[in-house]
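The values are calculated or read from the model by the stated rules, or taken from the named source; none is laboratory data. Only a predicted model underlies this, so the values are computations on that prediction, with no experimental measurement involved. Note: ideal-geometry Cβ built from the backbone for every residue, glycine included; neighbour counts use all protein chains shown. Accessible surface is based on the protein model in full, side chains and every heavy atom, while ligands, DNA and RNA are left aside. Shrake-Rupley method; radii C 1.70, N 1.55, O 1.52, S 1.80 Å.
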Amino acid sequence: LKLMPEVNQLIYSTVAFFVLLFVLAKYAFPPIVGMMEKRENTIRESLEKADETRREAEKLLEDYKKQLAEARNEAQQIIERAKKQTAETRKEIVSKAEQEAKRIIAQAEEEIESNKQKSFVELHDAVADLAIMAASKVISKSLNKEDHLRLVEECIAEVKHIQ
Amino acid sequence: MKLDPVTENVSNDRVVAGVVTAVPLTEALAEKLQAELVRLAGKPVLLKSSVDESILGGAIVRMGDKVIDGSIRHKLEELRKRLSGLEDER
């Protein structure tokens, strides 16, 4: 049994191995390594790109969320403003209506007072006319000739006092 | 009230005056009135008297543009004005 090779064979094999190694190192390894490096680069770039895309997506999402929040906020503000304006308008309308009502009431009261005054004056006049008419009749009936002459004399006395 | 010597209604240096009474004027009263009017006018006066029952009593004397209304009707009219309160309100 021969387990160990021959010394020569061993030397050849070793030389052949190194020669092969050298040839491989010289011609085969660089393209392989280059290919591997290229592939590694491609993968890394893809990963980076994916990462970037993810970051962009996250940023977009963030932006959308922010915009949504702003939109909600703005909508809320618009609603608040509208509510406030409605309340103000309502208040204004009510106030105007109240003023108008007050004015109408005041005018009506004034008119009533004026009519009352007018009626009072008219009544007063009518009573005065009636009283004077009655007095005239009584006087014309009750004066006798002496009374008449005395009255004329009083009138002459009035003339006498004129300077 | 003052009566200025009247120059209107003058004819031949004579002033025309009028008196209205409710009953006919007696001669004595007419003379008395005329004397006063002559004193006022300072010249002769022709007094024309007339009767108007509607003045009720007293007399209205006119000389020129001056009038002395001493009639009962006038006094009642003034009383009526005061009663109706018109003088206060106007």
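Roughly what would the spin-label model give for A:THR53 and A:LEU20, points 7 Å off Cα along C-beta, in nm?
Taking the simple label geometry, A:THR53 and A:LEU20 are separated by 4.4 nm.
Give the B-A buried accessible area in Å², both sides summed, 1.4 Å probe, nearest 100.
2600
Quick one: helix A:145-160 against the long Cα principal axis of chain A, what's the angle to the nearest 10°, folded into 0 to 90?
70
On average, how much accessible surface per residue is there in segment A:1-62, in Å², for a 1.4 Å probe, leaving out ligands, DNA and RNA?
99
Enumerate the calculated ³J(HN,Hα) couplings along segment A:64-80 in order (Karplus 6.51 cos²θ - 1.76 cosθ + 1.60, θ = phi - 60°), each rounded to whole Hz, writing x wherever the residue is Gly or Pro.
4, 4, 4, 4, 4, 4, 4, 4, 4, 4, 5, 4, 4, 4, 4, 4, 4
Once you list every other residue whose beta carbon is under 11 Å from the beta carbon of A:ALA50, what net charge do they have if Lys and Arg are +1 and Asp and Glu are -1?
-1
Treating the angle as unsigned and between 0 and 90°, give the value, to the nearest 10°, between the Cα long axis of helix A:7-23 and the longest Cα principal axis of chain A.
Roughly 30 degrees between the two axes.
Considering only protein heavy atoms, with the full assembly of protein chains and a 1.4 angstrom probe, order A:HIS148, B:HIS74, A:HIS161 by accessible area, largest first.
Heavy-atom accessible area, descending, gives A:HIS161, B:HIS74, A:HIS148.
Ignoring ligands and nucleic acids, what accessible area does B:VAL20 show with a 1.4 Å probe (Å², nearest 10)?
20
Would you tell me the mean number of C-beta atoms belonging to other protein chains that fall within 10 Å of each C-beta in A:85-91, as a whole number?
0
Label points 7 Å out from Cα along the Cβ direction at A:LEU68 and A:ILE11: separation in nm?
The answer from the label model is 8.2 nm.
Just to be sure I understand the model, the point goes 7 Å from the Cα along the line to the Cβ. What's the resulting A:SER114 to B:LEU46 distance in nm?
In this crude label model, A:SER114 to B:LEU46 measures out at 5.6 nm.
Starting from 0 in steps of 10 Å, tell me what percent of the Cα-Cα pairs of segment A:1-73 lands in each bin.
15, 17, 16, 14, 12, 9, 8, 5, 3, 0
Give the average over all directions of the projected area of the C-alpha convex hull of chain A, one decimal, in nm².
33.7
Arrange the residues B:VAL51, B:VAL45 by how much accessible surface each exposes, largest first, with a 1.4 angstrom probe.
The residues order as B:VAL51, B:VAL45, largest area first.
Compute the length gained on full extension between A:GLU122 and A:VAL94: take 0.36 nm times their separation in residues and subtract their Cα-Cα distance, giving the result in nm to one decimal.
6.0 nm
Between A:ALA128, A:ALA16, A:ALA75, find the one with the highest GNM mean-square fluctuation for chain A; connect C-alpha pairs within less than 10 Å.
A:ALA16
Using the Cα centre of segment A:92-142 as the reference point, and only Cβ charges (+1 on K/R, -1 on D/E), how large is the resulting charge dipole? Debye, rounded to the nearest 20.
400
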